[in-house]
1. May I ask you to list the residues in the range 137-159 that are part of a loop (DSSP other than H, G, I, E, B) and open to solvent by 100 Å² or more (accessible area, probe 1.4 Å)?
2. Just one of ARG118, ARG109 is within 26 Å of ALA185 (Cα to Cα) and in a helix (DSSP H, G or I); which is it?
3. Can you tell me how many residues in the range 30-47 are of a type in the set (Gly, Ala, Ser) and under 27 Å from the mean Cα position of the chain (by Cα)?
4. Looking at the range 20-32 only, could you name the residues that are of a type outside the set (Ser, Thr, Tyr), closer than 19 Å to LEU56 by Cβ and open to solvent by 50 Å² or more (accessible area, probe 1.4 Å)?
5. So, in the range 94-132, how many residues would count as being exposed (fewer than 11 other Cβ atoms within 10 Å of the Cβ) and under 14 Å from ARG175 (Cβ atoms)?
6. Can you name every residue in the range 160-184 that is among the hydrophobic types (A, V, I, L, M, F, W, C) and open to solvent by less than 80 Å² (accessible area, probe 1.4 Å)?
7. Kindly list, by first and then second residue, each pair from a residue in the range 50-61 that is within 23 Å of ARG16 (Cβ to Cβ) and hydrophobic (A, V, I, L, M, F, W, C) to a residue that is modelled with pLDDT under 90 and open to solvent by 70 Å² or more (accessible area, probe 1.4 Å), limited to pairs with Cβ atoms under 8 Å and residues at least 6 apart or on different chains.
Amino acid sequence: MAKDSSAAKARPMRARILERLATPITAAALARELDTSRQKVGYHLRELEQQGLVELVEERRKGNVVERLVKASSRAYLVSAEALASLAPDPAAAVDRFSSAYLIAVAARSVREVASLRERAQAAGKTLPTFSLQADVRFPNAKARHAFAEELAETVARLVTRYHDDRAEGGRHYRLFLGVHPAAAPEKESPE
């Protein structure tokens with residue numbers, strides 16, 4: 001139980017470290033920026049490096065010490081649902097299409113598919129044509145939210161009917177995903 005607790009407490013610190021590592025920095029400089037001990041930062045950096053999330057940029061001697069300049073190994077990180085094995089959500093298994101479980105399953109499938117397609121496109125030296133749309137809307141009540149969902153569904157169905165062509169020679173199949181959920185309030189950062 002203590003191991004799970006300490007791992008959970010490490011997440012905010014590691015997230016802060018990864019966020020800062022967009023550009024190379026030493027552990028000592030990072031500790032000063034984060035106002036924490038060099039040892040604590042060094043510990044988290046070693047763990048992140050072992051996980052392949054941080055990489056060495058260069059080593060340089062400064063007096064009797066060798067400084068290691070490190071940076072994040074990527075600009076963004078995605079935890080694949082496959083890494084969760086049996087916990088990976090399956091849209092086909094969801095009974096209620098208005099449930100949060102169904103939304104999570106569809107969104108997770110979309111993330112898996114796009115990540116895989118992006119990797120294949122990069123390996124082939126191509127770009128992956130995608131389109132994203134995000135908007136915030138504040139509904140005055142449940143009735144307005146329901147009316148919005150109905151109108152959105154009708155509009156999307158009309159567009160799909162107009163542009164979908166099963167017989168298009170050389171056409172490419174695309175998956176459209178729309179999800180609406182309450183916006184999460186920003187989390188307060190817990191003290192380290």
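1. ARG138, PRO140
2. Selected residue: ARG109, the only one of ARG118, ARG109 that is within 26 Å of ALA185 (Cα to Cα) and in a helix (DSSP H, G or I).
3. Qualifying residue count for the region: 2.
4. Matches in the range 20-32: ARG20, ALA22, PRO24.
5. Selection size over the range 94-132: 4.
6. VAL160, ALA168, PHE177
7. Within 8 Å, the pairs are LEU53/TYR77.
The values are calculated or read from the model by the stated rules, or taken from the named source; none is laboratory data. Values in this document were obtained by computation on a predicted structure and should not be read as measured data. Because the Cβ atoms are built from the backbone with ideal geometry, glycine has one as well, and the counts that use them run over all protein chains shown. For accessibility, only protein heavy atoms count, side chains too; no ligands or nucleic acids. Shrake-Rupley method; radii C 1.70, N 1.55, O 1.52, S 1.80 Å.
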